[in-house]
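Below is one structure; the comments refer to it alone.
The values are calculated or read from the model by the stated rules, or taken from the named source; none is laboratory data. Everything quoted here is computed from the prediction, not taken from an experiment. For neighbour counting, all protein chains shown are included, and Cβ atoms are generated from backbone atoms with ideal geometry for every residue, glycine included. The area values use the complete protein model at the heavy-atom level, side chains included, leaving out ligands, DNA and RNA. Shrake-Rupley method; radii C 1.70, N 1.55, O 1.52, S 1.80 Å.
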Amino acid sequence: MTQNLATNSATRAVPDDRKGRFVTLTFERDVAAPLAVLWEAWTAPAARAIWAAPSPSVTVEFLEADTRVGGREISLCKAEGQPDIRCECGWLVLQPALCSVSYEVVSCEGVTQSAALVTADLSGTHERSRLVVTVQLSSLAQDMEAGYRAGFGAGLDNLAGAAERTMVLQRVIQAPRSIVWGAWMNPETLPQWWGPEGFSCRTKRIDLRAGGEWVFDMIASDGTVFPNHHLYNEVRPEERIGYTLHWGENGPKHADAWASFEDQDGATKVTLGMVFSTAAEFQEAKGFGAVELGLQTLGKLERFVASR
């Protein structure tokens, strides 16, 4: 977690006395969100980008994010008046909704500050979940224990808050990943199936690439028009997309979203995640049936793919 060195980041010479520079830290959080949602919030790059910064005065820029065994995440933690902190994380173990193990190396101005092994254990139900994070820390250029306690503590508080306003929808579609991806990321086919039962799309502009957008209206069976604006910030072919949802063209943002695509015995597991901007918007979405409507949308995708 890059945020561990948001403050006090100046490098210092290695002290002669190494006593106390190796420590094990444990963090625990109870989260009012289902276990599957907590797992997505913990691992999905789009979600991690939302909760990574420990405070509003700190920004985290992700240079690389690949959540799979052997993949890594590289980010820069930026605070005014401080040199950038570089954090490299590598995923060693990923057992969905159960456990993750990663390494983390933090450096500043070319000097390695620390190395750590981070183990996350998850448990819970369809209603609540629990996260226990164990950090085996080796401080190198300076004593990092206080920074890690503060950084991980703030980050996990943010994570819990984000998970509690996150909605995750999943469906296994009986088609190869290339076919499912093609139906989703083709500007001709996406509007044909997008939206719940009884809705159609009227596209104004569509450009399905990183930095692109989709400006469109969702039209209900009774003719009611719902303006939408998707802004795409990440496109990794046949793996995932990241985008933001806005109420109408250039309107207020109401969610950060992602869709991921995984092979599953010749089929494709599609995960659609949304972190709503506020808890109130999340509750409002749940209240009008966003989960059921979203699952209908994935069902239409499956039928569209089957028909092709």
TODO: Using a 10 angstrom cutoff on alpha carbons, build the Gaussian network for the chain and name the most mobile of Ser221, Ser139, Ser178.
DONE: Ser221
Open item on the list: Between 0 and 90 degrees, rounded to the nearest ten: what's the tilt of helix 290-307 against the longest Cα principal axis of the chain?
Closed with: 70 degrees
Open item on the list: Quick one: the Cα spread of region 168-307 along its three principal axes, in angstroms, biggest first?
Closed with: 38, 30, 29
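Could you give the size of the charge dipole of region 152-308 about its Cα centre, using +1 on the Cβ of each K and R and -1 on the Cβ of each D and E, expressed in debye and rounded to the nearest 20? Before the final figure, lay out the partial values.
On the way: 15 positive and 20 negative charges, 57 e Å.
It works out to roughly 280 debye.
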Task: Cross-link reach list, lysines versus Lys204, counting only Cα pairs under 24 Å and skipping chain neighbours closer than eight places - done: Lys253, Lys300
Task: C-alpha long axis of helix 145-163 to longest principal axis of the chain, angle in ° - done: 10 degrees
TODO: May I ask you to give the percent of accessible area on region 154-250 that is carbon plus sulfur, with a probe radius of 1.4 Å?
DONE: 48 percent
TODO: Quick one: plug the Kirkwood hydrodynamic radius of region 235-308 (C-alpha pairs) into Stokes-Einstein at 20 °C, 1.002 mPa s, and report D in µm²/s.
DONE: 154 µm²/s
TODO: Write down the radius of gyration of region 22-164 and its Dmax, each obtained from C-alpha positions, in Å.
DONE: 14.5, 44
Task: Compactness relative to 2.2 N^0.38 Å, alpha carbon Rg of region 197-268 - done: 1.25
Task: Convex hull volume per residue in cubic angstrom - Cα atoms of the chain - done: 130 Å³
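Given +1 on the Cβ of Lys and Arg, -1 on the Cβ of Asp and Glu, and no further charges, what dipole in debye does the chain carry about its Cα centre, rounded to the nearest 20?
In debye, rounded to 20, the chain gives about 220.
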